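Beneath this line is the structure, given in C-alpha cells, with notes to follow.
The values are calculated or read from the model by the stated rules, or taken from the named source; none is laboratory data. In this text, all values refer to a predicted model and were calculated from it rather than measured experimentally. With ideal geometry, Cβ positions are generated from the backbone for all residues, glycine too; neighbour counts draw on all protein chains shown.
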Amino acid sequence: MEIVTQTPTAKAPAERFTGDVYLNMIETPAEQARLATALVRFTPGARTNWHSHANGQTLYITDGVGLVGTRDGDVVRVSAGQTVKCPPGEEHWHGGTDTTLMAHIAMVVGDADGDGTTWLEPVTDEQYAAALAPATR
C-alpha cells in the first residue's frame, strides 16, 4: 500500500482553458500504469478548449453543476454524483455553468506517448452561450 502526498493546486494553463480552472493531479501516468487522473475545479463560466482523447475520457462530477458539449451540438447538464463517458476521438468540452462552479475527477488512459489528449481551439463565447439554454439532459 502507498499513500501519495497531495499535490499542490495549480491553475490550469490558459492555452487550454477559458476562465479560472484549478487542478490537483491525483495520478500521473507511469510506465506500468497509464491512468492520468485529476481533480479539476471550474469557476462559473470557465471551461476547457475543444479536445479529444485517443482512448476516451471519464468524468466523475464531485461538486456543483456543469456542462459537457460535443461538436454535434449535444450538451448535457451534469451534477454531483453523475459520470460522463466521452468515447475515443470524440471532440468535446466541459466546464461550469454561467452561475455555478463544477468540479470533476477526470480520468484518461494514455499510451506510451502520453495521455493521448489532442487540444484544439477555445470554445467561443457564442458556442458557450448557445450551450447554456438546451442543456437539459
Enumeration of residues in region 92-125 that are under 20 Å from Tyr22 (Cβ atoms) and assigned to a loop (DSSP other than H, G, I, E, B) = Thr97, Asp98, Thr99, Thr100, Leu101, Asp115, Pro122, Val123
Of the residues in region 84-130, those that are over 16 Å from the mean Cα position of the chain (by Cα) and under 17 Å from Gly73 (Cβ atoms) number 6
Hey, among Val123, Val109, which residue is closer than 24 Å to Ala10 by Cα, of a type in the set (Val, Ile, Thr) and at pLDDT 95 or above?
-> Val123
Conditions (1) modelled with pLDDT of 95 or more; (2) closer than 21 Å to Cys86 by Cα -> Thr28 fails only (1)
Any hit, region 93-114, residues being crowded, with 19+ Cβ neighbours inside 10 Å, farther than 28 Å from Thr5 by Cβ and among the hydroxyl-bearing types (Ser, Thr, Tyr) | yes
Which of the following residues is surrounded by fewer than 16 Cβ atoms within 10 Å (Cβ to Cβ), at pLDDT 95 or above, among the β-branched types (Val, Ile, Thr) and touching a strand residue (DSSP E or B) at 6+ places or on another chain (Cβ under 6 Å): Thr18, Thr48, Thr9?
-> Thr9
Complete set of residues in region 38-57 that are closer than 13 Å to Ala103 by Cα and under 13 Å from the mean Cα position of the chain (by Cα) = Ala38, Leu39, Val40, Arg41, Phe42, Thr43, Ala46, Arg47, Thr48
Test result for Asp63, of a type in the set (Asp, Glu), within 26 Å of Pro8 (Cα to Cα) and in contact with a Leu (Cβ under 9 Å, 6 or more places away or on another chain) = yes
By residue number, the members of region 32-74 that are touching a Ser or Thr at 6+ places or on another chain (Cβ under 7 Å) and without any contact (Cβ under 8 Å) to a residue 24 or more places away in the chain are none
Verdict on Thr124 being touching a helix residue (DSSP H, G or I) at 6+ places or on another chain (Cβ under 8 Å) and under 14 Å from Thr48 (Cα atoms) | no
